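The values are calculated or read from the model by the stated rules, or taken from the named source; none is laboratory data. This one's a predicted model, so the numbers in the text were calculated from it and none came from an experiment. In this analysis, Cβ positions are derived from the backbone assuming ideal geometry, glycine residues included, and neighbour counts consider all displayed protein chains.
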Amino acid sequence: MKELSLQSTAHPVKDSLLERLPVVAILLLLIFVIFARTGESVHGQMTQLGAYLWEDYFVLRSEVSTPTCNPHMDIEQRLQQLEAEAGADDFDLFDDALDDGFDRDAARTSLVKQQQQCALAHEQAARYLAQLTPALELYRSVEHVFSQASIFSTEHQTLLLMALLFISAGVATGKRHHISFRPMLSALDHKLSTTLQLTANSALAISAWFFRHNALSSDIAATNPEIINGLVIGSTALALLSLYQLLTLPKHLPQQGSLTHALLSVPLYTIVMLLFAVIVLVHQQHTAGLSLYFSAFFDHSGTYIDVALYLWCGMLLKQTQLGERVFSLFTPWKLPPELLAFVAIVVMAMPTAYTGASSIIILAMGAVVYRELRKVGTRRQLALAATAMSGSSGIVLKPCLIVVIISILNKEVVTDDLFYWGIRVFLLTAFVFFVYAMITRRDPLQIATARDALPQMTGNAKPLLPYLLVFALVTGAYLWILDARLDQFSAPIILPVIIFWWIVFERKVSRAPALYHEPERQDTLGGSLTYSMTDASIHIGGLLMMMSTFMIITSLGGKTVSASFLLDVSNPFWVMAALMAMFVLIGMFMESMAAVGLVSVAIAPIAYQQGIDPVHFWMTCLVALELGYLSPPVALSHIFTRQVVGEEEATLAAAEGDSFYYRHERLLLPLLVMSTTLLLVGFGPLLVGYQ
């Protein structure tokens, strides 16, 4: 089976030094983020340990200054000076009328107290300085490194994300691997796609330069000059890179090609950018508006940095044998294809929750899911359907990043309530999938007996024990040493460390042969890390560029999209029906995080006002958005699936099937499952009542 990363051809294993530099820069950025965020916990623990080792550590951790006062002051001489100064001021008639003269005794008492306090300060400083051993100075310098890194990361998150966005977008552009409906294959595909990318990037660059000019010429100082300058540099660099690519198109490309396929090979971010360039630059005549709306992407920099970290986790995970070994637990049961597809949906829910979004898990593990389903003879259409849905059910489970974003943007809900009901929505989705899988199955429902399957399953489970041990050791170390639990806040930092040690175990300790050959999996530790980082750079660039461009819809849509018509609807069922339709439409055309931002601004307040419970509202929204991602015309989940399994497999699947349903099962089964789940989640609570 031929596999692709994000467009036409897999990137070469060996790149030139110039091509490796941006990948190294992205790696260093991600490592710094992990180091800095870990530094928050390290700093706190080191401060407590320092207080345990040195009694006065909270004072000693800062520079100890020597008091400037004189502890051996001559009090009598100082009194004479003060008395002389007081006498020199007697020329003031108003003071003479009120002054009773210089009080020598009161002044002496004050000077004695000052001398005592000065002596005490010198004594304390001497005591502190005596404790400044080389060990303590080294300890506090290390603590300060973690503290400063944490502070820098927090204060400059916007700059970190901007560097991450444009460098990785440059990698994706250079590799010609941006996210699109179809890969670039022919010369026409490359010419048209690259030309439109140049146009879109140039429009953003021109807008950014006008944005900067307006900010500098204004009497009011810009509040975020780093964003303005970063946009100018990044967008201009992307435009120049697109121009270079247009002038240096690959040679020996097939000359035959259709205009339809060429249009489908245009990256999604390019289509959206051009669309809103026309709206903002031509219709609104707001030259700086495009970059202004685009800059809203950086309002939640920490969240999108987490996306990059999760994508890196996914690419690291592809270098391990974990996916195939987990699926090997179920192969002894000889499950029918439909049952194995159900198992895949359930199994992939947890990694989806931890990697933050269905798109990430499809990019990371979609090829493994598809291959395992095909190994047992699953028809291609069903395998594609299950792969596209592999991340749909897990987005409501703890600690999913989308749910965390919802709780940040909406004070009416908290993550605990969303995750509590999310488990129930997940179980409902899995059950609905099982029902439809049983209805549409073509083979007899026969599985192996427990006597035959359990021994082999037990044998296949043994190789998984070291993975569980590594997981326990790393999470235990974070908990015991740094007092950091694996949750929705720490997962982006801890998971890369866990997966890294899994790779170390496989390459340096176990060396067990893989269950099957994976062409993208490298045999050495260095090769695995290098390849995963190159993959991650491409995916980060493609996904973040798409997310940032879709954010224009949120910024612009918040001013134009409105659900105020719901204020005229009194029936809660009609309100919910309208909400579900709006959610699905948004999901058809927008990426999840941008969609959540738009819904939070334009729709949620009105729905709350109309009596829709906030938790019910967001559970319905998440299910509807996933339905939108699986629905044409865009169908992002199917785009990601097609790109990871390869164009050849998708073409072969299109030729299969002996009836309308089985010819289009990859589309119809997910639509049936998610639409049924949506109806139950949307109308069920209204039927039984919120109480």
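Return yes when THR620 is in contact (Cβ under 8 Å) with a residue 12 or more places away in the chain and either farther than 30 Å from HIS261 by Cα or assigned to a loop (DSSP other than H, G, I, E, B) (or both) and no when it is not.
On the way: in contact (Cβ under 8 Å) with a residue 12 or more places away in the chain: yes; either farther than 30 Å from HIS261 by Cα or assigned to a loop (DSSP other than H, G, I, E, B) (or both): yes.
Criteria met by THR620.
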Keeping to segment 94-135, report how many residues are at pLDDT 80 or above, part of a helix (DSSP H, G or I) and among the hydroxyl-bearing types (Ser, Thr, Tyr).
2
Counting only residues that are at pLDDT 90 or above and either among the basic types (Lys, Arg) or touching a Pro at 6+ places or on another chain (Cβ under 6 Å) (or both), how many does segment 623-665 have?
2
Residue under question is VAL376, and the condition is that it be modelled with pLDDT of 85 or more and surrounded by fewer than 24 Cβ atoms within 10 Å (Cβ to Cβ); does it hold?
no
Picking from GLY628, GLY587, GLY611, the residue that is on the phi > 0 side of the Ramachandran plot and not charged (D, E, K, R) would be GLY611
Checked segment 650-663 for anything of a type in the set (Phe, Trp, Tyr) and without any contact (Cβ under 8 Å) to a residue 60 or more places away in the chain; matches are PHE660
Of LEU164, LEU159, which residue is surrounded by 14 or more Cβ atoms within 10 Å (Cβ to Cβ), among the aliphatic types (A, V, I, L, M) and in contact with a Leu (Cβ under 9 Å, 6 or more places away or on another chain)?
LEU164
Please enumerate the residues belonging to segment 681-691 that are hydrophobic (A, V, I, L, M, F, W, C), more than 20 Å from GLY587 (Cβ to Cβ) and touching a residue at least 60 places away in the same chain (Cβ under 8 Å).
LEU686
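Scanning for something in a helix (DSSP H, G or I), small (Gly, Ala, Ser), surrounded by fewer than 19 Cβ atoms within 10 Å (Cβ to Cβ) and over 19 Å from the mean Cα position of the chain (by Cα), does segment 425-445 turn up at least one residue? Spell out the reasoning first.
Step one: filter segment 425-445 for residues in a helix (DSSP H, G or I), giving 425-440.
From the residues that got through so far, the ones that are small (Gly, Ala, Ser) too are 430, 437.
Pick out the ones that are also surrounded by fewer than 19 Cβ atoms within 10 Å (Cβ to Cβ) and you get 430.
Going one step further and asking which of them are over 19 Å from the mean Cα position of the chain (by Cα), we end up with 430.
Taking every residue of segment 425-445 in turn, at least one turns out to be in a helix (DSSP H, G or I), small (Gly, Ala, Ser), surrounded by fewer than 19 Cβ atoms within 10 Å (Cβ to Cβ) and over 19 Å from the mean Cα position of the chain (by Cα).
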Would you check which residues across segment 63-80 are in a helix (DSSP H, G or I) and either touching a strand residue (DSSP E or B) at 6+ places or on another chain (Cβ under 9 Å) or without any contact (Cβ under 8 Å) to a residue 12 or more places away in the chain (or both) and list them?
GLU76, GLN77, GLN80
THR223, sole failed condition from (1) hydroxyl-bearing (Ser, Thr, Tyr); (2) closer than 23 Å to LEU311 by Cα; (3) not in a helix (DSSP H, G or I):
(2)
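Could you please let me know if ALA367 is touching an Asp or Glu at 6+ places or on another chain (Cβ under 8 Å), farther than 22 Å from LEU309 by Cβ and among the hydrophobic types (A, V, I, L, M, F, W, C)?
Details: touching an Asp or Glu at 6+ places or on another chain (Cβ under 8 Å): yes; farther than 22 Å from LEU309 by Cβ: no; among the hydrophobic types (A, V, I, L, M, F, W, C): yes.
So ALA367 fails the test.
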List the residue pairs whose Cβ atoms are under 6 Å apart, where the first residue sits in segment 664-680 and is touching a residue at least 24 places away in the same chain (Cβ under 8 Å), the second is polar (S, T, N, Q), and the two are 6 or more positions apart or on different chains.
GLU665/GLN381; ARG666/GLN381; THR677/THR429
Kindly establish whether SER301 is of a type in the set (Gly, Ala, Ser), more than 22 Å from ILE586 (Cβ to Cβ), within 22 Å of the chain's Cα centre (by Cα) and part of a helix (DSSP H, G or I).
yes
Collect the residues in segment 171-194 that are surrounded by fewer than 21 Cβ atoms within 10 Å (Cβ to Cβ) and either charged (D, E, K, R) or within 14 Å of ILE26 (Cβ to Cβ) (or both), keeping them in residue-number order.
GLY174, LYS191
Test result for ILE606, over 30 Å from GLU372 (Cβ atoms), of a type outside the set (D, E, K, R) and within 27 Å of the chain's Cα centre (by Cα):
no
Might you let me know whether segment 643-654 holds any residue that is within 21 Å of the chain's Cα centre (by Cα) and surrounded by fewer than 24 Cβ atoms within 10 Å (Cβ to Cβ)?
yes
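Would you mention how many residues in segment 244-263 are buried (at least 16 other Cβ atoms within 10 Å of the Cβ) and in a helix (DSSP H, G or I)?
Initially, segment 244-263 is screened for residues buried (at least 16 other Cβ atoms within 10 Å of the Cβ), giving 245, 253, 257, 261-263.
Adding the requirement that they be in a helix (DSSP H, G or I) leaves 245, 261-263.
So the count comes out to 4.
Which ones in segment 600-632 are among the acidic types (Asp, Glu) and closer than 16 Å to MET588 by Cβ?
Within segment 600-632, the subset among the acidic types (Asp, Glu) is 613, 626.
GLU626 - this is the single residue of segment 600-632 that is among the acidic types (Asp, Glu) and closer than 16 Å to MET588 by Cβ.
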Can you find even one residue in segment 465-483 that is crowded, with 19+ Cβ neighbours inside 10 Å and in contact with a Lys or Arg (Cβ under 9 Å, 6 or more places away or on another chain)?
yes
Qualifying positions in segment 402-424 - assigned to a helix (DSSP H, G or I) and of a type in the set (S, T, N, Q):
SER407, THR415
Give me the pairs, please: first residue somewhere in segment 525-542 and surrounded by 24 or more Cβ atoms within 10 Å (Cβ to Cβ), second residue anywhere and among the aromatic types (Phe, Trp, Tyr), beta-carbon distance under 7 Å, and either six or more positions apart or on two chains.
ALA536/TRP312
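Modelled with pLDDT of 85 or more, within 19 Å of GLN48 (Cβ to Cβ) and assigned to a helix (DSSP H, G or I): does that describe LEU138? Break it down stepwise before answering.
Details: modelled with pLDDT of 85 or more: yes; within 19 Å of GLN48 (Cβ to Cβ): yes; assigned to a helix (DSSP H, G or I): yes.
For LEU138, the condition - modelled with pLDDT of 85 or more, within 19 Å of GLN48 (Cβ to Cβ) and assigned to a helix (DSSP H, G or I) - is met.
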Failed condition for GLN381, given (1) more than 14 Å from the chain's Cα centre (by Cα); (2) of a type in the set (S, T, N, Q); (3) surrounded by 24 or more Cβ atoms within 10 Å (Cβ to Cβ), with all others met?
(3)
Within segment 384-400, of all residues that are more than 13 Å from GLN488 (Cβ to Cβ) and of a type outside the set (Gly, Ala, Ser), the one surrounded by the most Cβ atoms within 10 Å (Cβ to Cβ) is THR387
